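**Q** My questions will all concern the structure given below.
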Amino acid sequence: MKLLFDFGRYFILMRRSFGKAEKFSIYRSRIFEEINNLGIGSLGIVGIISVFIGAVITIQSAFNFENPLVPIYAVGVAVRDSMILEFSPAIISLILAGKIGSSIASEIGTMRITEQIDALEIMGINSASYLIRPKIIACILFSPVLLIFSMFLGIFGGYVFGIMSGVVTNYEYVIGITYNFRPYNIIYSLLKAAVFAFIFASVPAYHGYYTRGGSLEVGKASTKGVVYSCILILAFDLILTQLLLA
């Protein structure tokens, strides 16, 4: 019953969050502020992780493709498809769920226990829309940028470390990343990233918004938001893969 209760209250909150807005100019400025805080602030960790993921995939692929019947350029194919189809949209989203999700849950949860949300309600402001909508929109708008950034650095990291370690040549790697390329894979990844961005922005916001108690409860709400976001991201990763690629 608790699961059904949370499920229903989550959808009610999302309905409130995307209800009637007060002033578009206010939301516009808040969206750009959230893009700066949540999106641009995540470029560093996304870049570092993507480079090393690409490097690891390159070295592992070269190790597993030692069969002489498998061409060396298959390493580039493996890195490209792994980054585009799974690692950039899914793994990076899981990491962002921890970074961005915990930030959203703790920020809104702190506002709840310090009665700032109650003050917004008293002033006649739709607190759910004012606090949650800009965060969700900012995450959805910036997720394609993070995704493309991650794909590029992952493939580039595989190239650099592949050349440095000697497991693949420049020519073979370039042939691999261009061989039988399907543009639809990019669209598929962008759709997944948008769905995942909505999840890791809205689920922690829900847990933060309904926090009760003190600072200990804010920490618990932050943890719940991250855990449930990761579970939902993995579940929707399977669902979207089945729907879009099957």
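**Q** At least 3 residues that are out of contact with any helix residue (DSSP H, G or I) (no Cβ under 6 Å at 6 or more places or on another chain) in each: list the helices (runs of 4 or more DSSP H) lying fully within the range 29-133 that qualify.
**A** Numbers: elements: 43-64, 74-82, 92-96, 102-113, 116-122.
Counting at least 3 such residues, we get 43-64, 102-113, 116-122.
**Q** Further question: Does TYR228 satisfy the condition of being in contact with a helix residue (DSSP H, G or I) (Cβ under 6 Å, 6 or more places away or on another chain) and either more than 17 Å from LEU96 (Cα to Cα) or not in a helix (DSSP H, G or I) (or both)?
**A** No; evaluated as a whole, the condition is false for this residue.
**Q** Can you tell me which residue is surrounded by the fewest Cβ atoms within 10 Å (Cβ to Cβ) among those in the range 144-169 that are within 13 Å of ILE57 (Cα to Cα) and β-branched (Val, Ile, Thr)?
**A** The residue in question is VAL160.
**Q** Let me ask another. So the check is Cβ under 9 Å with 6+ separation or different chains; which pairs have a first residue in the range 110-138 that's farther than 21 Å from LEU38 by Cβ and a second one that's among the acidic types (Asp, Glu) and in a helix (DSSP H, G or I)?
**A** ILE113/GLU217
**Q** I've got another one for you. State all residues of the range 89-102 that are within 21 Å of ARG30 (Cβ to Cβ) and buried (at least 21 other Cβ atoms within 10 Å of the Cβ); if no residue qualifies, say none. Break it down into steps so the answer makes sense when it comes.
**A** First pass over the range 89-102, keeping only residues within 21 Å of ARG30 (Cβ to Cβ): 96, 99-102.
Listed by number, the residues that qualify are LEU96, ILE100, GLY101.
**Q** Okay, moving on. Does the range 197-220 hold any residues that are surrounded by fewer than 19 Cβ atoms within 10 Å (Cβ to Cβ) and of a type in the set (A, V, I, L, M, F, W, C), and which are they?
**A** Scanning the range 197-220 gives PHE198, LEU216.
**Q** Mind checking which pairs have a first residue in the range 221-243 that is crowded, with 19+ Cβ neighbours inside 10 Å and a second that is part of a helix (DSSP H, G or I) and of a type in the set (S, T, N, Q), Cβ under 8 Å, 6 or more apart or different chains?
**A** Close Cβ pairs satisfying both conditions: ALA221/SER106; SER222/SER102; SER222/SER106; GLY225/SER102; VAL226/SER102; ILE233/SER93.
**Q** Across the range 105-129, what is the number of residues that are closer than 30 Å to SER189 by Cα and either modelled with pLDDT under 90 or in contact with a Phe, Trp or Tyr (Cβ under 8 Å, 6 or more places away or on another chain) (or both)?
**A** Initially, the range 105-129 is screened for residues closer than 30 Å to SER189 by Cα, giving 105-108, 128-129.
In the following step, the residues that additionally are either modelled with pLDDT under 90 or in contact with a Phe, Trp or Tyr (Cβ under 8 Å, 6 or more places away or on another chain) (or both) were identified as 108, 128-129.
Adding up the residues that qualify gives 3.
**Q** Now for a different question. Take TYR206 and tell me if it is more than 19 Å from GLY41 (Cα to Cα), in contact (Cβ under 8 Å) with a residue 60 or more places away in the chain and either part of a helix (DSSP H, G or I) or touching a His at 6+ places or on another chain (Cβ under 6 Å) (or both).
**A** When the stated conditions are applied, TYR206 passes them.
**Q** Give the residues of the range 176-196 that are touching a Pro at 6+ places or on another chain (Cβ under 6 Å) and either charged (D, E, K, R) or loosely packed, with under 13 Cβ neighbours inside 10 Å (or both), sorted by residue number.
**A** Of everything in the range 176-196, just one residue is touching a Pro at 6+ places or on another chain (Cβ under 6 Å) and either charged (D, E, K, R) or loosely packed, with under 13 Cβ neighbours inside 10 Å (or both), namely LYS192.
**Q** Also: Please verify whether ARG30 is at pLDDT below 90, in contact with a Pro (Cβ under 7 Å, 6 or more places away or on another chain), surrounded by 13 or more Cβ atoms within 10 Å (Cβ to Cβ) and of a type outside the set (Phe, Trp, Tyr), treating the condition exactly as stated.
**A** yes
The values are calculated or read from the model by the stated rules, or taken from the named source; none is laboratory data. Note that the structure is a prediction, hence the values are computed from the model and not measured. FYI the Cβ positions are ideal-geometry reconstructions off the backbone, even for glycines, and counts take in every protein chain you see.
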